[in-house]
Amino acid sequence: MTRERHVVGVVLGAAAATALLVLLAWATSTQPRATVSATAPDATGSAATGSTADRSTMSPDGSAATDGTAGSAQPTGPATTPAAPEPFIQNFGPSAGMPLPPVASPTAPVPFPVGDGCDHGYGEPNQCVPLQFPPGVTDGCAWLRAHGFGPLAVHGTDRLGLDPNRDGVACGTGDA
Amino acid sequence: MRRPASLATLRAAGIGLPVTPRPGGRRAFIRRWIRTAWLLVAVLLVGVVVPAPRAFASANLLVNGDLEAVAGDFPVCWERSGWGEDEFTFAVIDQAHSGTAAMSITRTTAPNGDRKAMMLENPSCAPHVTPGHQYDLAVWYTTTTPNTVMTMFRHDVSLGWQYWTDLAHLEVAASYTQKTVRTPQVPPHTDQISWGVTIYGVGTLVTDDYSMVDATVPAPDDECSAGDACAKGVWQVMPFDAPARAMHAVVLHNGNVLLVAGSGNSPENFAAGNYATALYQPYTGTFMQVPTPADLFCAGHVQLSDGRVLVMGGNLDYPATDGSHGYKGLKDSYVFDPATNSYLRINDLSAGHWYPSATILGNGDVISLGGLGEDSSGTVATEYYDASEGRWLALWEANQTWRFWGLYPSMILMQDGRLFYTGSHVFGDGLSGTGASIYDYATGSIVDVPGLSSKDERDQSMSVLLPPAQDQRVLTMGGGNIGSNPDANRLTDIIDLKQASPTHTPGPLLPTGTLTGGVPQTETQGKMYVSAVLLPDGKVFETGGALHNRADPVYEASMFDPTTNTFTPGMAVDPLPRTYHSTAFLLPDGRVMAFGDNPGDGSYATHISIYSPPYLFRGGRPQILTVASPEWSYGSTQQVTVDTPVVRAALIRPAAVTHSSDPNQRYVELPMSVNGNSIGLNVTSNPNLAPPGWYMLFVLGANGVPSVATWVHLT
């Protein structure tokens, strides 16, 4: 035996002896190896952030025998016609937050004031003069012209002040 | 079966391993423990002295895969796992497939939960893997119940151990049967996996002789000679226009595309009763006009399990110029049948819905929420379509919450049957609270979900269930606010619905593009009217959009990779503006079609653009040569043949999209059992992951090129 092999042998022997002692102590212990309750849901794969995913490793003293004596653990009887499995649904996120309080059936219409975001007091119904111009726009008519709009009929209130000459046509020739 | 060298060495030295129980006295007991100690020392040395093993073909990468080494009452490197209020037994038995030890799990009651024996999550026992590689996992088993599934966890070098996915169900088998399934490509940042077989029903599962071998298919060294298209893809504007001002697109299982316009946001059409639907036949470039019975402008729609299209709501009236009312919602509902290319009216909804959502459930029923009613106010009625009866339930028959969900609320079906409201919506502010929630139709429970960024500026953002659907992660991109009309944003949020308490976390900013005239966007400018399309390679292509309310198109497109949560910017840009009333969706040939643009001046672009992603320039396309049956069932293994090695297979639900909203869009991974060019595709047992209906089946070649889709019908 070479010196290297001798050293390896000694190391292996020492490690084996240590492991044996640990195992004997463990084997004679009555304490469970794991402490997670057998009934504690683990979300079967909830994204654990620790070094070990929570798979609900059960305790040997869980709610059913685990001593390996179960001859009944052998499959019993022949398989029947292959059956489709039931849906396998994970219990992810089962308890995410508190439910919102219930709401009663409304007794009045639910307003939606923003509508489609257009001021339909101008132009044709399919046109969209925005309720509010984008940031930095100081000349609404210039912005509208740059975006393909021509003069626009004003229906009622000139909310955006696009018809200063009040001729009923917003961004018209007299609305410089 | 080959075994790890350490075990083989021990056996060669005549060192057996104990199986519990065994008859014998104290000396025999000690001898068994001495032998087991040797094994544990060997395992320890593997973990401490030996570098992480490199995967190589045909070598079993598992420690104690044959279960012959037993410590105490369970195999070395294995642990009991699971949860539930069940009665169960784990055991080591001697009726093994080989050797003298096998594991059994018996559940005599199964009110909930599951049990599984898993590889220990430690550096010595859990097999080491290489990102990007694939592995064939095999197990010999018997089971009295079909309610079993192979389950995998992965060790993320930053996040630790976490659930990865479920792979394949095991058929009932009275004698030992082997099941082999290939993992998806190992995600980045993964250094180990752990797997086993889960039993979630009543019965007995026996397993033995696990193995895991590297099955990575090397990528061919194909050269791309298409210039920019190699990395960016390319757009082509079709030399014809759509004959309708459509804003709704539904891909049908015969390959045609239903383009629904109704009045097309044209008061003139509305006044004249001119309602349009065009059937686009992409492979001939031809259109067919379909008689349209009502103004389906701004309706909701979804494919039913039989491939017909359920359409609900629409436009009852345009806004009055005197401001007395806004848009009004229709109560009408129709079913479009691709077999006859015609609409059939069914019973009305309980209330009018202009901009309703439509989400198909795992049982094939449909829930529709939100929109504006017949009086222009918010509709609070929950509409429930009972597929078995072919009708909408009456208001009193459906579970009501009386909540207003906004317009086109993006409601994505979760794997447990609840609906996730992503916060993506159309028009105005988000909902009160956090702006996103989880809704349980059965109980009426609504739970706010925190973390969505700037919830009141996610108007016409787009949300997608990221590939694969099994990951249960949702990405929300961009958005603005048509009321306050700020610059649309670059925000993205990602939420992992697997978490016990799901929370949005900020994702990478949308890349910037250019505005009209080639003006670069500033660092704070993003886009609304976003279109996001799931591609057959598992990436998400986002395109189109605008900076403001029906104005200022943004020319930008990028590719999002769910495995890295990163955008690849600078993809080819649709040369046409795609703002309000634009859509983009996947065609069965792997290209992306985009159309529509309805700026504030009232014009409407009916040009069609087609995008060919980079994968179409990387070499030959794999072909699906045969599909044993187009009729697929849940939890089954479906046989196909292909002409070349493939690395991935998936079902993609065809689009039913409008207004940046297609909550039914999903990519369902099909773990493969590979035998040469014959492949078994393992279908999820959970219809909430893949609601019933027609799907596009794609396979992906080792060169990253997808096949043309084959249509299959999952029920």
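Readers should treat all values here as calculations from the given coordinates under stated rules, not as data from a laboratory. Quick caveat, the model's predicted, so the values are computed rather than measured. Cβ sites come from the backbone with ideal geometry, for glycine too, and all protein chains shown count toward neighbours.
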Using alpha-carbon positions, the gyration tensor of the stretch B:496-539 gives root eigenvalues a ≥ b ≥ c; with a/c under 1.5 called rounded, otherwise prolate if a/b exceeds b/c, else oblate, the class is oblate
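Can you give the charge dipole size of the stretch B:330-448 about its Cα centre, rounded to the nearest 20 debye, using +1 on the beta carbon of Lys and Arg and -1 on the beta carbon of Asp and Glu? Show your work: numbers first, answer last.
Values: 5 positive and 14 negative charges, 26 e Å.
So the magnitude is around 120 debye.
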Long-range amide H partners of B:Leu431, meaning residues 5 or more apart or on another chain whose placed amide H is closer than 5 Å, are none
Set B:Lys331/B:Lys455; B:Lys232/B:Lys527; B:Lys116/B:Lys539, cut-off 26 Å on Cα-Cα distance; pairs above it are B:Lys331/B:Lys455; B:Lys116/B:Lys539
Of the candidates B:Gly513, B:Ile412, B:Ser368, the farthest towards the positive dipole end of chain B (Lys/Arg Cβ +1, Asp/Glu Cβ -1, centred on the Cα centre) is B:Ile412
Computed over the stretch B:396-449, the Cα gyration tensor eigenvalues, each multiplied by 5 and square-rooted, give semi-axes in Å (largest first) of 18, 13, 10
In whole percents, the bins of 5 Å from zero upward hold the Cα-Cα pairs of the stretch B:648-711 as 4, 16, 23, 25, 16, 10, 3, 2, 0
To the nearest 10 degrees, the tilt of helix B:26-48 (Cα long axis) against the first principal axis of the alpha carbons of chain B is 50 degrees
In order over the stretch A:164-170: 3J(HN,Hα) from phi, Karplus 6.51/-1.76/1.60, θ = phi - 60°, whole Hz, x for each Gly or Pro, gives x, 8, 6, 9, x, 10, 6
For B:Leu344, the residues 5 or more places away or on another chain with a placed amide H closer than 5 Å to its own amide H are B:Val335, B:Phe336, B:Asp337
Rounded to the nearest 500, the 222 nm mean residue ellipticity computed for chain B from DSSP H runs (n ≥ 4, each -39500 (n - 2.57)) alone is -1500 deg cm²/dmol
Check: C-alpha center the stretch B:237-300 vs C-alpha center the stretch A:124-142, spacing in Å is 29 Å
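Taking R0 as 25 Å, what FRET efficiency do you get between B:Asp386 and B:Ser342 from their Cβ-Cβ distance, rounded to the nearest 0.05? Mind showing how you got there, number by number?
Numbers: r = 22 Å, r/R0 = 0.90.
Computed FRET efficiency for B:Asp386 and B:Ser342 comes out at 0.65.
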Scanning chain B, every Cys lacking a C-beta partner under 4.7 angstrom -> B:Cys298
For the stretch B:85-218, the Kirkwood Rh over every pair of distinct alpha carbons, in Å, works out to 15.3 Å
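Explain nothing, just the number: dipole magnitude of chain B about its Cα centre with +1 on each Lys and Arg Cβ and -1 on each Asp and Glu Cβ, in debye rounded to the nearest 20. Walk me through the intermediate numbers first.
Values: 41 positive and 63 negative charges, 489 e Å.
Roughly 2340 debye for chain B.
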With Rh as the Kirkwood radius over Cα pairs, chain B has Rg/Rh of 1.02
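Where a ≥ b ≥ c are the square roots of the eigenvalues of the C-alpha gyration tensor, would you call the stretch B:596-715 rounded, which needs a/c under 1.5, or, failing that, prolate if a/b is larger than b/c, or oblate?
Working: a/c = 2.99, a/b = 1.55, b/c = 1.93.
Because a/c hits 1.5 or more and a/b fails to exceed b/c, the stretch B:596-715 counts as oblate.
Quote the charge dipole size of the stretch B:563-631 about the Cα centre in Debye, to the nearest 20; the model charges only the Cβ of Lys and Arg (+1) and of Asp and Glu (-1). Provide the component values of the computation, followed by the final result.
Details: 4 positive and 5 negative charges, 57 e Å.
Computed about the Cα centre, the dipole is about 280 debye.
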For the stretch B:344-360, Karplus-derived ³J(HN,Hα) couplings (6.51, -1.76, 1.60; θ = phi - 60°; whole Hz; x for glycine and proline) come out as 10, 6, 10, 5, 6, 6, 6, 8, x, 9, 9, 6, x, 7, 8, 10, 7
